[in-house]
Structure formats: C-alpha cells, structure tokens
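A.B. asks: I'd like to ask some things about the structure below.
The values are calculated or read from the model by the stated rules, or taken from the named source; none is laboratory data. All figures in this text were calculated on a predicted structure; none of them were measured in a lab. All Cβ positions, even for glycine, are placed from backbone atoms using ideal geometry, and neighbour counts span all protein chains on display. Note: areas computed on protein heavy atoms with side chains; ligands, DNA, RNA excluded. Shrake-Rupley method; radii C 1.70, N 1.55, O 1.52, S 1.80 Å.
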Amino acid sequence: MKIHSEGRNILIILMMILVVINLSAWMFIRPVAIPIVFTVISAVLYLLVMNFFRSPHRKFTGNRRNVVVSSVDGTVVALEEVFEPEVLKRNCIQLSVFMSVFNVHANWYPVDGEVTLVRHHSGRFMAANLPKASIENERSTIVIRTDDGREILARQIAGAVARRIVTYAEPGDRATIDEQMGFIKFGSRVDLYLPLDTEILVKIGDTTTGGITEVARLKDISHV
C-alpha cells in the first residue's frame, strides 16, 4: 500500500512514540497481560492512521468530454441549488461529498482545465457534514476554467477533526482529473459548485470514488 507524502512524517513520529511506550510497558509493567493490551491497541491505532494516509494511483478511463468527476472518496451529503457568495457570486448547483476517517483523504481535480484562482479562508471547525460548514469552516477554494470557458469551483472544507488542509493547486496550473489538487488530513468534505444546466448523475447518499466516479456532465456548448 502506497503511503501519501502528507502522512509519512506523522507515521514516523507516531511509530517512535508507540515504540517508546510499548518498550517501557514490556520492561516495567507486570502482569504481562498489560503490555500485551498496550501492544494490541498500539498496532490498531497505527494501522488506522496508516489507513488515513493511503494513496492509491487512479486513472480515469471514461469519456472526458464535459465530465465532472468526484474529487474525493465519500458519500454525497448535499445536492441543491445555492447562491455562491464568495467567488462566483451566482446561483450554482452545490454537490458535496463527505469523507469519513476511513476514506482516502486525497483530493482530485473534478474537471480538466486551468486553475484560475486559489484562495484560503480562515474559519471554524464544526462538523463537516453540517450545512453551515461550507461557509463558516476553515476552507480552501480552487476555481478551474474548463477548456470551453466554464468556471467550476471546488472547495476543500475542514471539519471537527480535520484541522489541516493542503492545497497543491496554484493559479496557472493545468488541472487534469487524473491528478491530485490537494489533501485534507483526517477527513472532512469537498464541495463542487456547478452551472445550473449541469446534468447531475448522483443522488444524496451515493458513495463516490475520487478521480473515478462521474458525478455530473456539463452541458455541451460546442455547437451553441
């Protein structure tokens, strides 16, 4: 299993801490059942944290024309028409996918195009599945202009546990749905803001795979 670069230092430090704790337990604590319990708990904890930072290689094999792909692994928790007040300043379809602590935490670009804006917003750390999290939590906004000129906004949102948003995207970068735009440590969610005439292919409660699951199709404007 490949480990994401964002997790390597954390895993090394955690390993050192657990080794010290367990060696001390085996050397100084009796009965032996207590060190055994320490070791089992430590192993489970380490495997859970390692699971957070797995980094699968993914390649989208579908029709890329006008496709919108889920940025993350998780569950669709919001799908509605909203007014996006911070960047686009217009009505859009908001499609939100929530990541649990058991999901892959890497974030993929939802569309092919050019990154035109990256903006960090300070904020709170409420539970990421709450509606207010989109506008009140710590978040990072990425706007991608597709090759036919439409703007797609992707927003990484921190949650009650996730306190670290990493954004790789920079203005001027070429975005492709096979590449990662960022990482949110220990879960949270990503919101996509899509044009109102977009065809939505998922519903509330559906599970998605980042970089793979087609969640929408943009209206074909090549002949308009």
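A.B. asks: Take the residues of segment 192-213 that are open to solvent by 60 Å² or more (accessible area, probe 1.4 Å) and assigned to a strand (DSSP E or B): which is nearest to D148 (Cα to Cα)?
C.D. replies: Here the answer is E199.
A.B. asks: Follow-up. Inside segment 83-108, can you point out the residues that are open to solvent by 10 Å² or more (accessible area, probe 1.4 Å) and touching a residue at least 24 places away in the same chain (Cβ under 8 Å)?
C.D. replies: Restricting attention to segment 83-108, the residues satisfying the condition of being open to solvent by 10 Å² or more (accessible area, probe 1.4 Å) are 83, 85-91, 93-94, 98, 100-103.
P85, E86, V87, L88, N91, I93, Q94, F98, S100, V101, F102, N103 - these are the residues of segment 83-108 that are open to solvent by 10 Å² or more (accessible area, probe 1.4 Å) and touching a residue at least 24 places away in the same chain (Cβ under 8 Å).
A.B. asks: Are any of the residues in segment 35-45 polar (S, T, N, Q) and under 21 Å from the mean Cα position of the chain (by Cα)?
C.D. replies: Filtering segment 35-45 down to residues polar (S, T, N, Q) leaves 39, 42.
Those still in the list that are under 21 Å from the mean Cα position of the chain (by Cα) too: none.
No, segment 35-45 has no match at all.
A.B. asks: Separate question: Which one of these is hydrophobic (A, V, I, L, M, F, W, C), without any contact (Cβ under 8 Å) to a residue 40 or more places away in the chain and touching a helix residue (DSSP H, G or I) at 6+ places or on another chain (Cβ under 7 Å): L45, L23, L11, L18? Please lay out each step first, then the result.
C.D. replies: Details: L45 fails: touching a helix residue (DSSP H, G or I) at 6+ places or on another chain (Cβ under 7 Å); L23 fails: touching a helix residue (DSSP H, G or I) at 6+ places or on another chain (Cβ under 7 Å); L11 fails: without any contact (Cβ under 8 Å) to a residue 40 or more places away in the chain.
None of the other options fit; the residue is L18.
A.B. asks: Another question about this same structure. Filter segment 48-92 for residues that are under 30 Å from I17 (Cβ atoms) and either basic (K, R) or over 20 Å from the mean Cα position of the chain (by Cα) (or both) and give the result.
C.D. replies: Across segment 48-92, the qualifying residue is only R54.
A.B. asks: Also, I was wondering about something else. Here is a check on your reading of the model: is E114 under 24 Å from P171 (Cα atoms), in contact with a Lys or Arg (Cβ under 7 Å, 6 or more places away or on another chain), open to solvent by 50 Å² or more (accessible area, probe 1.4 Å) and touching a residue at least 60 places away in the same chain (Cβ under 8 Å)?
C.D. replies: In short, yes.
A.B. asks: Would you call T213 under 24 Å from L117 (Cβ atoms) and in contact (Cβ under 8 Å) with a residue 12 or more places away in the chain?
C.D. replies: It is false that T213 is under 24 Å from L117 (Cβ atoms) and in contact (Cβ under 8 Å) with a residue 12 or more places away in the chain.
A.B. asks: Okay, moving on. I'm trying to understand the selection: among the residues of segment 165-191, which are surrounded by fewer than 16 Cβ atoms within 10 Å (Cβ to Cβ) and touching a Leu at 6+ places or on another chain (Cβ under 9 Å)?
C.D. replies: Correct list: P171 only.
A.B. asks: Of all residues in segment 27-54 being part of a loop (DSSP other than H, G, I, E, B) and either among the basic types (K, R) or within 19 Å of M15 (Cα to Cα) (or both), which is most open to solvent (accessible area, probe 1.4 Å)?
C.D. replies: Looking at residues that are part of a loop (DSSP other than H, G, I, E, B) and either among the basic types (K, R) or within 19 Å of M15 (Cα to Cα) (or both), I get R30.
A.B. asks: Let me ask something else. So, in segment 83-108, exactly how many residues are over 12 Å from Q156 (Cβ atoms) and either in a strand (DSSP E or B) or of a type outside the set (G, A, S) (or both)? Explain how you work it out, then say what you get.
C.D. replies: Step one: list which residues in segment 83-108 are over 12 Å from Q156 (Cβ atoms), which gives 83-95, 98, 100-104.
Now restrict to residues that are either in a strand (DSSP E or B) or of a type outside the set (G, A, S) (or both): 83-95, 98, 101-104.
Count: 18.
A.B. asks: Another question, then. Right, N22: assigned to a helix (DSSP H, G or I), modelled with pLDDT under 90 and not aliphatic (A, V, I, L, M) or not?
C.D. replies: Considered against the rule, which asks whether it is assigned to a helix (DSSP H, G or I), modelled with pLDDT under 90 and not aliphatic (A, V, I, L, M), N22 comes out as no.
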